[in-house]
Structures are given as structure tokens and as C-alpha cells.
Amino acid sequence: MSGLTLRSVRKNYGDVPVIKGVDLDIAHGEFVVFVGPSGCGKSTLLRMIAGLEDITSGEVSIGDRVVNEIEPRDRGVAMVFQSYALYPHMSVYDNVGFGLKLAGTPKAVRDAKIRDAAKVLQMEHLLDRRPAQLSGGQRQRVAIGRAIVREPDVFLFDEPLSNLDAALRGDMRMELARLHNDLGATMIYVTHDQIEAMTLADKIVVLDGGVVQQVGSPLELYNNPANLFVAGFIGSPKMNLLELTSRPEGNVSSAELSAGLALNRGALAGTSLTLGLRPHDLRVAPNGPLNGQVRLVERLGNETILRVSLADTTEITAVLPGQDEFAIGQTVAFDFKPSSALVFDENGRRLPSPG
Amino acid sequence: MTDITTSLPDAQPERVRLPPSRGSRKTRMAAWLFVAPAFIAYAAFVLAPLCMSIYYSLLRWDGIGEAQFYGLSNYVTVLTDSDLLQIIGNAFQLVLYFTLIPVLLGLAVAAAIRSHMAGRFGTITRTVLFLPQVIPLVAAGIAWSWMFASTGLVNQTLKAIGLSSWARGWLGDFVWALPAVGIIGAWVLLGLCTMLLVTGITKIDPSLYEAARLDGARPWHEFRYITLPGLRQEIGVCITVTVIAALASFDIVYISTQGGPGITTTVPGLEIYRLAFAHRQVGLASALAIVLMVLVLISIAPVQWFTRDKK
Ligand SMILES: Nc1ncnc2c1ncn2[C@@H]1O[C@H](COP(=O)(O)OP(=O)(O)OP(=O)(O)O)[C@@H](O)[C@H]1O
Ligand SMILES: [Mg+2]
């Protein structure tokens with residue numbers, strides 16, 4: 001049983017704090033995805049778990065062992081790098097078996113393990129090749145194979161699919177999910193691809209600026225984002241964020257919106273709020289509170305994405321089912337169920353939903 | 001060539017082929033024109049002298065008077081004369097110093113400063129090590145002659161640390177003169193090798209080292225399985241350059257020992273010069289030059305083969 005625990009983990013490069021106190025519990029067998037914008041510290045955190053970066057303060061435990069001072073090779077982790085990091089001068093066979101060879105595993109055992117891994121990853125026919133003779137997807141398989149044979153407690157992936165094209169990424173994503181099922185090992189996966197995060201994760205960790213913004217299952221994060229950052233980050237297309245009190249009187253009146261949302265009552269009246277509306281929750285309604293001019297129409301067949309600019313020039317996105325016709329410049333109005341709207345206070349914290 | 005295939009009998013099914021390029025002859029002419037300057041220079045300064053040397057090596061000639069055809073006798077002399085054989089042997093002994101020391105030290109330095117590459121330490125080390133390359137060989141040779149002199153820095157140091165029994169006139173010593181010359185050459189070539197190897201090591205993907213650490217590699221394994229194979233090309237260049245520098249050495253020896261004492265530090269380059277211009281044996285000098293060239297080629301070939309990227 002090898003869960004993983006981070007306790008107020010920090011990392012500074014010189015004076016610059018990069019990871020600013022992360023607490024995290026990962027259960028054995030969980031598939032955890034770190035997401036966040038570029039530079040938020042995802043890779044750094046992963047590399048600290050791997051032992052490739054030292055930990056400025058705090059504690060990382062794998063299983064029930066504190067591993068801060070333990071060498072990477074003894075942590076029971078295996079990592080798949082974005083650049084694959086295959087040893088260019090070795091055959092696929094030797095690449096996969098390198099760790100075992102260094103560990104002094106007898107040749108017969110090693111051979112069996114390498115062939116097992118190759119079978120799992122359907123790359124038996126590639127064993128004699130050099131990395132340079134492989135396609136991107138095949139290299140990725142080899143990199144994963146190299147991780148598998150070591151039978152680690154924890155797999156670490158740093159954007160493993162980002163060098164692949166969209167179709168292959170889809171395939172590999174499914175394979176990773178299957179692998180996770182089959183091996184039942186703990187996996188930590190860094191990505192900034194939302195779809196990967198949403199589809200693979202048991203648990204998503206949203207990071208920003210070296211701070212964990214929220215931890216939860218994909219749907220929890222989608223339905224109940226804890227703050228503006230998570231709301232804007234999870235979900236595609238991005239959530240529409242409308243500021244309420246700063247809004248001048250116009251086609252979208254804050255009065256009208258807030259009336260509908262019953263926000264004018266009590267302590268909240270007059271404070272500046274942000275309203276979050278998922279593009280999918282907008283419905284065309286002739287007298288709806290949000291109206292503006294169509295700027296862009298994207299027809300995907302099953303749905304139609306509209307980019308609409310409101311009277312005060314903020315743009316919102318609406319995703320409508322079906323293939324209704326819209327002309328650019330046409331006026332369109334939307335409403336929404338008050339219960340689907342998310343409200344955030346001026347510090348970006350989530351308030352209980354109205355309605 | 002094009003003409004031949006198009007005029008084949010009709011039995012040959014007509015193939016779709018690109019229209020013959022309009023100025024194919026003109027293009028070829030242009031290509032030759034571009035190659036010509038380099039080729040002419042090469043022919044004039046490499047091929048012609050080479051052919052002349054081969055021709056001279058078959059003569060008995062003092063460089064001024066009548067030349068006499070002498071067959072392969074000069075070659076027989078080169079390959080049987082014990083002095084000449086010792087001189088060739090000296091050159092191969094120099095390879096040990098000129099090649100082994102710079103390549104091994106260069107590798108050690110490169111591996112050591114790999115992780116400090118971005119830092120000032122790396123830059124300083126590289127500059128310091130490359131400095132010998134900038135100093136004219138003559139100056140370096142003279143400086144080292146002083147250091148190796150009986151009252152020079154080397155002996156002073158030995159005395160200072162209580163090893164005065166080791167002190168000697170290094171460059172005049174029958175046993176130690178050749179190693180001393182070798183050290184000078186190693187010092188000169190170290191900069192070049194380090195430079196090449198340090199540059200080469202920066203091209204190796206750092207995540208390979210990280211992957212290896214996770215795979216359980218110790219520093220030695222990293223060196224053996226990542227650094228060494230990753231630097232194969234650069235090591236090849238270093239070995240090639242330094243082996244040639246050793247086998248064809250002249251200047252360092254000429255300045256530091258002039259081949260003495262006896263012929264213990266005489267190398268083929270120096271002997272060729274002496275034979276041709278002092279002893280007026282142009283034929284023998286040329287034969288020795290040709291033999292030296294062949295020896296260099298033979299020594300370099302396996303290195304080239306070994307460092308080629310095998311696909
Ligand atoms: N060696 C280093 N020295 C100083 N700062 C560093 C170093 N490595 C990373 N950083 C900084 O740490 C921060 C986090 O980097 P990290 O690589 O973890 O980001 P990331 O979330 O993985 O981003 P990406 O999605 O682009 O890979 C960045 O702001 C980066 O500039
Ligand atoms: Mg990263």
C-alpha cells in the first residue's frame with residue numbers, strides 16, 4: 001500500500017518561492033492529475049516527489065516513509081518524461097531493461113519482465129530498434145515500458161502526451177487509463193490539457209502560482225469550483241465571468257441580473273461580485289437578461305458555439321445544442337437557470353449559489 | 001546517362017519521368033565552376049606535393065644535383081634502419097601522452113562541470129583550459145623548457161616538497177625527455193579536447209541523466225552509459241586531432257629538445273626536416289614522409305570507423 005503525502009512542501013530557487021506550501025494526500029492506486037497554467041510549478045512539484053529537485057522545507061512521504069533524504073532510485077517511483085528521455089545508444093530492449101540491469105536482476109528474470117512489459121504495451125516488434133527509429137507514439141510506449149518494468153509504487157508522468165498529435169494523444173490517453181486499471185498503481189500525472197485531466201483523473205489538483213487552488217474529482221471541480229481561478233480554468237470553452245456592480249446601465253443591467261439572482265438582498269448588495277456562467281448553461285430567450293451581437297459562429301455539428309459581445313463590449317461564449325442558424329451581427333439574447341450561475345466575491349472566493 | 005535510358009527500344013514501357021532539366025549541361029558546368037577553386041587549391045597544395053613526394057621518394061637525390069632512380073630502396077631503409085624505426089616508435093610513444101592525457105582529462109573535466117555549466121565556475125574552467133590553445137606553440141615550448149630546466153619550476157617544486165632526488169634536467173634526460181615532451185603536448189592539446197568535450201556534453205539531453213538516476217544509475221553508470229556514448233563523435237575528433245598531432249609533431253620537439261639527447265626525442269617530422277635540409281637526402285626524407293602519412297592514415301581509420309554513427 002503506497003499512498004503519498006505532502007506536508008507543507010515548499011521549494012525556493014534562491015530567493016524565489018516556486019512552491020509555496022503544498023499539502024496533499026494521495027491514496028494508493030489513485031490517478032491524480034496536476035493541472036495549472038504554465039510556470040505554476042507542476043513539474044517542480046512532480047520532480048520533488050521523484051527526488052530530482054530537493055525540497056526546501058516540508059515533508060514528502062511515500063507509503064509510510066519520509067523520502068526527503070532518500071535517493072530517487074530508492075523511492076519506488078518511476079517517471080515518464082515529456083521528452084521521453086530514452087537512452088539513444090541503446091536498443092528498446094536495453095532501454096526498458098536498464099534499471100533492472102543496474103539493480104542486478106538476473107538475466108532470465110529481466111528478460112521475462114521486459115517481454116511482459118512489451119506485450120502489455122504492444123511493442124514486442126520494436127525491441128531491437130533504437131529510439132531514433134521509432135515514431136513519437138512508439139517512443140512514448142517505450143518510456144512507459146521502462147517505467148513499468150521497475151514495478152514502482154508510484155508512476156510520475158510529466159506531460160507525457162504533449163509531443164503527440166491529437167489523434168494519437170486520444171489513443172494513448174485511453175491506454176494510460178487501461179494501464180492504470182490493470183496495474184492498480186498510484187499515478188501522478190502533470191498536464192495542462194483539460195481533457196486529459198478530466199478524463200484520466202480520479203482526483204485533480206489545480207495549482208496556480210505554487211499554491212494548490214483546489215483538490216477534487218473532475219466533476220466536483222466542474223460543478224463546484226472553489227474560486228474564480230478554478231472556475232475559469234476547468235471547463236471548455238471557458239466559463240463566462242461577468243462583473244456585476246462595475247457594470248454600467250445598458251442592455252445587461254446589473255439590476256436586472258441581480259434581481260433574477262436574488263443578490264440584491266442583505267450584505268451582498270453593492271459589493272462587487274463576479275458571476276460565472278458556463279457557456280453550456282446559456283439558453284436563447286428573446287427577453288433574456290444577457291443580450292448582444294453575434295461576433296463569431298462556430299458550427300461543430302452537434303452544437304454551435306457563439307461568441308457574443310454585450311453592450312459594454314465584454315464578450316461571452318455560449319454553446320447551443322443543434323445547428324440553429326445565426327448571422328454575424330445579429331442580436332441575440334440569453335437567459336440561464338439561476339441555480340446554474342456561480343457567484344464569487346471580490347476576492348474570487350465562491351459564494352453559495354443563488355436561486 | 002539520361003540520353004541512354006530514353007533511347008532504349010520500345011519494349012521498355014514508357015515511364016513517367018521528369019522533363020530533362022532545361023540546362024542540365026549548364027547546371028553541371030555551374031557545379032564544376034563552384035567546385036573548381038577549392039579543387040584547384042587542393043590539387044595545387046595537396047595532391048601535387050603528395051605526388052612529388054612519392055616521386056622523390058623513389059630517387060636518390062641531394063636536392064640540387066643530378067637525381068638517380070633508386071627504386072624502393074629508400075623505403076627499405078626507412079623500414080629497416082634501427083634509428084629510423086626508433087624515431088617512428090618515439091612518435092607512437094608520444095601518442096600516449098598527446099592523446100590519452102587530454103582525452104581522459106577532458107572527459108573528466110567535462111563530466112565534472114556538466115552540472116555547473118551555467119555557473120561562472122564552468123566558464124572560468126573552460127577559459128583557463130583553453131588558454132594554451134591561444135598561446136603560440138613556440139612561446140609555450142620555450143616556457144616549458146624553462147620549467148623543465150635543472151633550476152626550473154618543476155625541480156624547484158620537487159625540492160620544495162622534499163623530493164630533491166627526483167630532480168633532474170628533464171629535457172636532457174635519456175629516459176625522461178620523451179615523457180617531458182609528451183607532457184608539453186598534452187598541456188597544449190588539453191584545451192582543445194576539453195573545449196570539444198564540454199561543448200559536446202551540453203548537447204546531451206539533461207533528462208537522460210535524470211531518467212538514469214531514477215533507474216538507479218550511480219555517477220559511474222551515468223558516465224559509462226550516457227556521457228561516453230553521447231560524446232562518441234567528439235571523442236573521435238579529439239583522438240583524430242591528437243593522434244595526428246603526435247605522429248606528425250615537429251614544433252614542440254624542435255623547440256624543447258631538438259630531438260635530443262641522442263635521438264631519444266626525435267620524431268619523424270623532425271627527422272624528415274633534417275634529412276632533407278641538413279643531410280640532403282631528399283629521397284629518404286620523402287620516403288619517411290610517405291611512410292608517416294600511411295601510418296597516420298592507418299592509425300586514424302579505426303577511430304573514424306568506431307565513431308561513425310552506426311545506423
Ligand atoms: N532551475 C530553476 N531555477 C529557477 N527557477 C526555476 C527553475 N526551474 C523552474 N523555475 C521556475 O519555477 C516555476 C515553476 O516551474 P515548473 O517547471 O514547475 O512549471 P510548470 O508548471 O511545469 O510549467 P509548464 O506547464 O510550462 O511545464 C517557473 O516560474 C520557473 O520559472
Ligand atoms: Mg512542466
For a quick check of your reading: which helices (runs of 4 or more DSSP H) sit entirely within segment B:203-311 and have at least 2 residues that are over 22 Å from B:Tyr97 (Cβ atoms), hydroxyl-bearing (Ser, Thr, Tyr) and at pLDDT 90 or above? B:206-214
Selection over segment A:32-48 where residues are over 12 Å from the mean Cα position of the chain (by Cα) and either more than 6 Å from ligand 1 (Cβ to nearest atom) or charged (D, E, K, R) (or both) yields a count of 4
Select the helices (runs of 4 or more DSSP H) contained entirely in segment B:70-133, then report the ones holding at least 1 residues which are touching a Ser or Thr at 6+ places or on another chain (Cβ under 7 Å) and farther than 24 Å from B:Ser57 by Cβ. B:101-113
Qualifying positions in segment A:173-194 - open to solvent by 20 Å² or more (accessible area, probe 1.4 Å), within 16 Å of ligand 1 (Cβ to nearest atom) and not charged (D, E, K, R): A:His192, A:Gln194
The residue from B:His279, B:His221 that alone is more than 20 Å from the chain's Cα centre (by Cα), farther than 30 Å from A:Gly145 by Cα and open to solvent by 20 Å² or more (accessible area, probe 1.4 Å) is B:His279
Filtered residues of segment A:111-147 (kept if within 14 Å of another protein chain (Cβ to nearest Cβ), within 30 Å of A:Cys40 (Cα to Cα) and open to solvent by less than 20 Å² (accessible area, probe 1.4 Å)): A:Gln140, A:Val142, A:Ala143, A:Ile144, A:Gly145, A:Arg146, A:Ala147
Can you list residue pairs whose Cβ atoms sit under 6 Å apart, with the first residue in segment B:195-216 being facing chain A (nearest Cβ under 7 Å) and the second being in a loop (DSSP other than H, G, I, E, B)? Count only pairs 6 or more apart in sequence or on different chains. B:Ser207/A:Phe81; B:Ser207/A:Ser83; B:Ser207/A:Ala85; B:Leu208/A:Ala85; B:Glu210/A:Leu52; B:Ala211/A:Ala85; B:Gly216/A:Ala103
Looking only at residues that are within 13 Å of ligand 2 (Cβ to nearest atom) and closer than 14 Å to A:Val77 by Cβ in segment A:153-187, which one is farthest from the other protein chains (Cβ to nearest Cβ)? A:Phe157
Under 6 Å between Cβ atoms, at least 6 apart or on separate chains: pull out the pairs that start in segment A:99-121 with a residue that is free of Cβ contacts under 8 Å to residues at least 60 places away in the same chain and end on any residue that is of a type in the set (Lys, Arg). A:Gly99/A:Arg150; A:Leu100/A:Arg110; A:Leu121/A:Arg141
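Can A:Leu207 be described as within 16 Å of ligand 1 (Cβ to nearest atom), open to solvent by less than 10 Å² (accessible area, probe 1.4 Å) and away from chain B (no Cβ under 14 Å)?
yes
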Counted residues in segment A:7-17 being within 16 Å of ligand 2 (Cβ to nearest atom) and crowded, with 19+ Cβ neighbours inside 10 Å come to 1
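Yes/no per residue for (1) in contact with a Leu (Cβ under 7 Å, 6 or more places away or on another chain); (2) modelled with pLDDT under 90; (3) farther than 17 Å from A:Gly235 by Cα:
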position	(1), (2), (3)
A:Asn251	yes, yes, yes
A:Ser258	yes, yes, yes
A:Gly266	no, yes, yes
A:Thr304	yes, no, no
A:Ser309	no, no, yes
A:Thr313	no, yes, yes
A:Val343	yes, yes, no
Across segment A:56-80, what is the total count of residues that are within 12 Å of another protein chain (Cβ to nearest Cβ) and touching an Asp or Glu at 6+ places or on another chain (Cβ under 6 Å)? 1
Could you check segment A:137-236 for strands (runs of 3 or more DSSP E) lying wholly inside it with 1 or more residues that are free of Cβ contacts under 8 Å to residues at least 40 places away in the same chain? A:211-216
Is it true that A:Val80 is more than 14 Å from the chain's Cα centre (by Cα), away from ligand 2 (no atom under 16 Å from the Cβ), buried (at least 21 other Cβ atoms within 10 Å of the Cβ) and modelled with pLDDT under 95? no
So, in segment A:87-105, how many residues would count as being within 8 Å of another protein chain (Cβ to nearest Cβ) and under 23 Å from A:Leu176 (Cα atoms)? 3
Does A:Ala108 qualify as being more than 9 Å from chain B (Cβ to nearest Cβ) and more than 16 Å from ligand 1 (Cβ to nearest atom)? yes
Confirm whether A:Leu4 is surrounded by 22 or more Cβ atoms within 10 Å (Cβ to Cβ), under 14 Å from A:Met187 (Cα atoms) and more than 15 Å from ligand 1 (Cβ to nearest atom). yes
Considering residues that are more than 10 Å from ligand 2 (Cβ to nearest atom), more than 12 Å from A:Thr5 (Cα to Cα), surrounded by fewer than 20 Cβ atoms within 10 Å (Cβ to Cβ) and in contact (Cβ under 8 Å) with a residue 60 or more places away in the chain, the number found within segment A:22-57 is 3
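The values are calculated or read from the model by the stated rules, or taken from the named source; none is laboratory data. None of these values were measured; they are calculated from a predicted model. Cβ coordinates were reconstructed from backbone atoms using ideal geometry, including for glycine residues, and neighbour counts include every protein chain displayed. Note: areas computed on protein heavy atoms with side chains; ligands, DNA, RNA excluded. Shrake-Rupley method; radii C 1.70, N 1.55, O 1.52, S 1.80 Å.
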